[in-house]
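A.B. asks: Dropping the structure in here first, questions after.
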Amino acid sequence: MHYALQHMVPKPDANTKPKQRRSRWVLLLLLPYLGLCFPIVYARSTPALWGFPFFYWYQFAWVILASVLLAIVYRKLKT
């Protein structure tokens, strides 16, 4: 049985390069991390948006933006 399994698996050619799974699109996922990593930059109350201090709406904007970035990266890596 072991002999049969060995011959069922195709052997890679010596000239073929291994596929690289990494893509530069993944670097977009660093943006939310960097945008929220340093709270000293956005820990202030002005400018306010609809009565919400900057500290809160800035973080909430990153939640939405991170979702959009994840969708973009997913679609680009799916192909």
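Read-outs throughout are calculated quantities, based only on the coordinates presented, and are distinct from any laboratory measurement. Computed from a predicted model, the values in this text were never measured in an experiment. Heads up, the Cβs are rebuilt from the backbone with ideal geometry, glycines too, and the neighbour counts pull from every protein chain shown.
A.B. asks: Need the full-extension length gain, ALA71 to LEU36, defined as separation in residues times 0.36 nm minus the C-alpha distance. One decimal, nm.
C.D. replies: Numbers: separation 35, 0.36 × 35 = 12.60 nm, distance 1.92 nm.
Working it through step by step, the gained length comes to 10.7 nm.
A.B. asks: Where does each of ILE72, ILE64, ILE40 land when they are ranked from fewest to most other beta-carbon atoms within 10 angstrom? List each step's numbers first, then the result.
C.D. replies: On the way: ILE72 13, ILE64 9, ILE40 6.
Ascending Cβ contact count within 10 Å gives the list ILE40, ILE64, ILE72.
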